[in-house]
1. Can you tell me which of B:Y176, B:Y135 is over 22 Å from A:A221 (Cα atoms) and touching a residue at least 60 places away in the same chain (Cβ under 8 Å)?
2. Suppose the filter is outside the structural domain of C:L29 (by TED's automatic domain parsing), touching a Pro at 6+ places or on another chain (Cβ under 6 Å) and open to solvent by 10 Å² or more (accessible area, probe 1.4 Å); does C:P132 pass it?
3. Determine which member of the set B:L227, B:L182, B:L219, B:L172 is within 14 Å of chain C (Cβ to nearest Cβ), modelled with pLDDT of 90 or more and either under 21 Å from B:V284 (Cβ atoms) or assigned to a helix (DSSP H, G or I) (or both).
4. Failed condition for C:I52, given (1) more than 29 Å from C:L160 (Cβ to Cβ); (2) modelled with pLDDT of 90 or more; (3) open to solvent by 40 Å² or more (accessible area, probe 1.4 Å), with all others met?
5. Quick check, is B:M233 within 12 Å of chain A (Cβ to nearest Cβ), open to solvent by less than 10 Å² (accessible area, probe 1.4 Å) and over 30 Å from B:S33 (Cα atoms)?
6. Out of C:A189, C:A231, I need the residue that is more than 14 Å from the chain's Cα centre (by Cα) and either crowded, with 22+ Cβ neighbours inside 10 Å or in the same structural domain as C:L75 (by TED's automatic domain parsing) (or both). Which one?
7. Looking only at segment C:339-387, filter to residues that are outside any strand (DSSP E or B) and among the hydroxyl-bearing types (S, T, Y); which one of those is farthest from C:A301 (Cα to Cα)?
8. Could you tell me which residue of segment C:324-338 is surrounded by the most Cβ atoms within 10 Å (Cβ to Cβ), considering only residues that are free of Cβ contacts under 8 Å to residues at least 24 places away in the same chain and part of a strand (DSSP E or B)?
Amino acid sequence: MKGPSTFNRVSVAAGLAFLYLPIVLLVIYSFNASRLVTVWGGFSTKWYAALLRDDQLLDALGVTLRVGLISATLATVLGTLAAVALVRSRRGRLLFSGMIYAPLVMPEVILGLSLLLLFVAFGLPRGFWTVTVSHATVTLCYATVVVQARLVSFDGALEEAARDLGCTPVQAFFAVTLPNIAPAVAAAWMLAFTLSLDDLVIASFTSGPGATTLPIRIYSAVRLGVSPEINAISTLLIGLVATGVIAVYLLNMRRRTAAP
Amino acid sequence: MSGRSRTGLAALAPLLWLGVFFLFPFFLVAKLSLSDTALAMPPYAPRVDWSAGIEGVRAFFAALDFETYARLTSDSLYVASYLSSLKFAAVATGLLLIIGYPIAYGMSRFPPSQRLALLMAVILPFWTSFLIRVYAWIALLKPQGLLNAALAQVGLGPLNILNTDTAVYIGLVYAYLPFMVLPLYAVLEKQDQSQLEAAADLGCTPSQAFWRVTFPLSLPGVGAGALLCFIPMVGEFVIPDLLGGSGTLMLGKTIWTEFFANRDWPAASAVAIVLLATLVIPIVLYQRQQQKMIEAGQ
Amino acid sequence: MTTSRRPRLNIGAVRSSFAPWTDPTLQPLVRFEGVTKRFGTEIAVNDVSLSIYESEFFALLGPSGCGKTTLMRLLAGFETPDAGRITLADQDLAGRPPHQRPVNMMFQSYALFPHLSVEQNIAFGLKQQGMPREQIADRVVEMLELVRLNGLAGRKPHQLSGGQRQRVALARAIAPNPRMLLLDEPLAALDKKLREETQFELIALQQRLGMTFLIVTHDQEEAMVTADRIAVMREGQIVQIGRPAEVYETPNSRYVADFIGDVNLFEGSVTAADGKLVKMTTADCPAGFEALEDDAVAVGATAWLGVRPEKIQLHLDPPRDGPNRMAGKVADYGYLGDWTTYVVELESGRTVRAARANASRLVARPIACDDPVWLTFTPDAAVVLTR
C-alpha cells in the first residue's frame with residue numbers, strides 16, 4: 001500500500017468540505033445576533049432562549065421524542081427477530097428479505113400514503129399511535145439490516161455449545177447470542193430512533209391533530225423562509241445526534257482495543 | 001427439526017407486522033387508484049357496503065375502473081412530471097457517481113487506521129436530519145444568501161439558483177452523497193493490492209490498471225450505490241419542494257399535492273402505483289444485491 | 001529432514017553440466033549490486049550483491065522476514081532500492097516502473113482478476129503489449145495447453161480449484177514471454193502431494209521454455225528440488241549461494257546447516273588442522289572428532305562439527321574404539337515409514353538424532369527406548385563450521 005496520493009487527499013478533503021460546509025454555516029448562523037442570514041450581527045444565544053418560550057415547538061419536540069423512543073424500541077425488537085429469522089432459515093426468505101429491503105429504498109411518499117390508507121380503511125383516528133406504528137414499520141427494516149450484518153459473522157457454534165451445556169434455544173439466545181450482538185442491537189436502536197426523529201414525509205401522512213412532530217413543525221416554518229430560530233433548533237438536533245453517534249463510535253473503539 | 005420451528009417462530013412477529021403494515025396497504029393503494037373521487041370523508045368512492053352482504057362486495061368491485069389512470073395519461077402534466085422525475089434521478093445518479101467515486105477511492109487509499117475515522121466523517125451527515133440538511137442549502141442559495149454574498153466579495157454574481165432545477169440537483173447530490181460513497185468504498189476498500197501489482201507487472205500503467213482492474217471490480221459497488229440513490233430520488237419530495245421552483249416537476253411532489261392540496265386521493269394513489277411499478281425492477285435488483293453482499297460477509 | 005533422500009530428476013544429469021556462473025566470459029542476466037532497502041528503521045535488504053544467469057532456475061531461500069520477497073519485489077519494480085543498483089541484460093532498471101520491466105511475477109496469492117475468465121486473465125498481459133487479436137488467441141491456447149487447462153478457458157477464477165488457479169497464475173505470467181519469471185512462494189497454498197507434483201512440473205516447464213526462473217520460498221525442500229542454485233538469506237543478507245548439494249553438504253555456517261535439513265551440531269575446539277583433516281576435542285565424544293576439511297581452520301579456535309542424522313550409524317554392539325564414536329541410550333524414536341529417526345542421549349547428557357533407513361520389512365532386533373547404543377560417523381560425513 002503506497003498511501004493516498006495528492007489527488008486522493010484532495011478528493012476526500014473536497015468531499016468532506018462539501019458535506020460539512022452547509023451544516024457548519026447553519027450552526028454558525030444560529031449564533032448570529034442579526035435576523036438576516038448574510039449579515040453577521042455579533043454573537044448571541046437569544047434564538048436559543050426564544051426556543052424555550054415557543055410552546056408549540058416544545059410540544060412538537062415532546063411528541064417526537066415519545067414517538068422515537070417507542071417506535072425505535074418496537075423496531076429493534078422486531079428487527080432483531082427478523083434478522084435471526086433471515087440468517088437462520090432458508091424457506092420463504094425471498095419474500096421476507098424483499099419486505100425488509102424494499103422499504104429501505106422505497107420513496108417515502110409511497111410508504112406514507114399506503115400507511116395512511118390502511119388507517120383510514122380501519123377507521124383509526126390519526127394521531128400519536130399511527131405515527132409511532134408507521135415509524136416502527138419503516139425503521140424495523142433498517143434495524144434488521146444492522147443486526148443481520150452482525151449476525152452473519154456470529155459463530156453459530158457458540159449457540160450450539162450453550163445448548164449442549166443445557167440451554168433451551170431461547171435461553172441460548174439470551175445467554176450467548178444476544179450479549180454478543182448487543183453492540184449491533186444498540187446501533188440498530190440508535191439508527192431507528194434517529195430516523196424517527198428526522199422523518200417528515202411519513203409523519204405528515206400519518207399524524208393527525210395533536211400529534212404534530214418536530215420535523216412537521218420545522219417544515220412549516222422552513223416554507224416561510226430561513227430564520228435564526230430554525231437554525232437554533234437545527235443546531236440542537238445536530239448536536240444531539242452527533243454526540244450520540246460519536247459516543248457510540250468511541251465506545252465501540254474502546255471495546256475493540258480492550259479486547260484481547 | 002426444532003431449530004427450524006424456532007426460527008419460524010422468531011420470524012412470525014416481524015412477518016405479521018410487515019404483512020399488515022407494509023404489504024397489505026399496497027392493496028389498498030391499488031384499490032383506491034381504481035376508485036373515484038368523492039366529496040366525502042374519506043374523499044373517495046365506492047366503499048364496501050358491508051350491510052348489503054355479498055351484493056355489496058359485488059357492487060363495490062363493479063364500481064372499480066381504470067378511469068383515474070386514463071386521466072393520468074391524458075393529462076400532459078402527469079406525463080411530464082413522470083419523465084422529469086426519471087430525468088432528475090438519472091442525472092443526479094450520474095453526478096453522484098462522478099463526485100462520489102473519487103471520494104470513495106481516495107478514502108480507500110488511506111491507511112486502515114485513518115479509514116475508520118474518514119468513514120465516520122462521511123456517515124455522520126447521514127445521521128443528521130435530512131430536512132435540516134436541505135434547509136441549510138436554502139440559506140446558501142437564496143438570492144440574498146451566503147453564496148451570493150461570497151460572490152459579491154470577489155465581484156461576481158449574483159446567481160439565482162434557489163427555486164431552479166440546479167438547486168434540486170445540488171440538493172439531491174448533497175443529500176444522497178453518503179449513500180453513493182459508502183457502497184463504493186465498501187468494494188474499493190476490499191480490493192486486493194496484489195491485483196494492482198499484477199496488472200502493473202503485466203504492463204499496465206497506473207491509469208490502465210485502474211480502468212482494467214479496479215473499476216470493473218468495483219462495479220457491484222457502483223450498481224449498489226446507483227440503485228440506493230436512484231430509487232428513492234425518483235419519488236423525492238422534500239428536495240424539489242424546498243429547493244425547486246414552481247416549474248420543478250417530480251412525482252413525489254405530485255403525490256403530495258394531489259393528496260394534501262387537491263384532496264384527490266385516487267389520483268395520488270394511481271401516481272403512487274405508477275411510481276411503484278416503475279421502481280419494482282430496480283428494487284428487486286437492489287434487494288438481490290444486498291442479500292448477496294450480506295451473505296458474502298458470512 | 002527428508003531432503004537428501006528425494007531423487008533429483010533425470011534431467012539432473014544434464015543440468016549438472018549447466019553452470020554458467022563458473023564461466024567468467026558469460027554476462028549475468030540480472031545483477032544486484034549492493035542493493036539495500038529499508039522500511040522505516042528496519043533494514044529488509046542489506047547490501048545484497050547477486051548475479052543470476054540466463055536460463056537459470058534460481059531460488060531465494062530463507063525464513064519469513066528475511067528479505068527474500070523484498071529482493072524479488074525490488075526486481076519487479078514494486079519497491080525502490082535505497083542504495084545500490086539492479087541491472088537486467090546490462091540495463092539499469094532504476095526509475096523504470098513495473099509495467100515497463102520485461103519480467104513477470106507469479107504472486108503468492110495468485111492475484112487473479114476475479115472479474116475476468118481464465119482466458120482473459122492469460123490474455124491480460126498480451127493485450128497490454130498490443131499483440132494483435134488473432135495472435136493473442138493463439139498464444140492463450142498455447143498457454144492453456146502448456147499448463148494443461150484446456151477446456152477451462154471460460155471459467156472464472158472462483159470456479160477453479162486451488163491447483164488450477166495456481167496454473168492460471170503461472171500461465172498468465174509466462175504468456176507475455178518475459179525475460180525472467182518471478183515466482184513468489186508459488187506452491188505455498190497447495191497441499192503436500194500437489195506441491196510435490198508441481199515442483200517437478202515447474203522444472204520441466206522451465207527446461208522446456210529455457211526461461212530464467214527466480215523462485216522465492218521458505219521451503220528448503222522446494223528450493224532443493226527445483227533450483228540450479230540456491231541463495232540462503234538471513235536478516236536481509238545472503239549467507240550462502242550454491243548448488244543444492246553444495247548448500248546441503250558443505251554449509252558455510254551453523255545457520256545454513258540448521259536451516260537446510262536436520263543437523264547435529266557439536267561444539268568443540270580444534271586441536272589440529274593440516275588442510276585436509278581437522279581434529280577436535282569435545283565433551284560429547286571422549287576420543288575426539290575427525291573430519292575432512294579443505295579450508296583453513298585455526299588451531300585452538302572454537303568450532304562446530306555438523307553431522308546430518310542420516311550420516312550417523314547406529315550400532316547395537318560396541319564398535320571398535322576410535323574417533324567419531326559416541327555411546328548413549330535411546331531416548332525416543334519416531335517411525336516415519338521409510339525411515340526411523342532415533343533420539344539418542346549421550347553420556348554427556350546432550351541428545352543426538354540419527355536416522356536409519358527401513359531397508360527391510362523385517363527387523364531382526366527391534367530397538368527400544370533405553371537400549372544402549374553406539375553412534376559413529378566417518379570423517380567425510382561431517383563438516384567443520386567456524387561460525
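The values are calculated or read from the model by the stated rules, or taken from the named source; none is laboratory data. Computed from a predicted model, the values in this text were never measured in an experiment. Reconstructed Cβ throughout: ideal geometry from the backbone, glycine too, with neighbour counts over all protein chains shown. Just so you know, the surface numbers come from the protein's heavy atoms only, side chains and all, with ligands and any DNA or RNA stripped out. Shrake-Rupley method; radii C 1.70, N 1.55, O 1.52, S 1.80 Å.
1. B:Y176
2. Against the criterion (outside the structural domain of C:L29 (by TED's automatic domain parsing), touching a Pro at 6+ places or on another chain (Cβ under 6 Å) and open to solvent by 10 Å² or more (accessible area, probe 1.4 Å)), C:P132 does not qualify.
3. Answer to the selection: B:L219.
4. It is condition (3) that C:I52 fails.
5. So B:M233 fails the test.
6. C:A189
7. C:S360
8. C:G334
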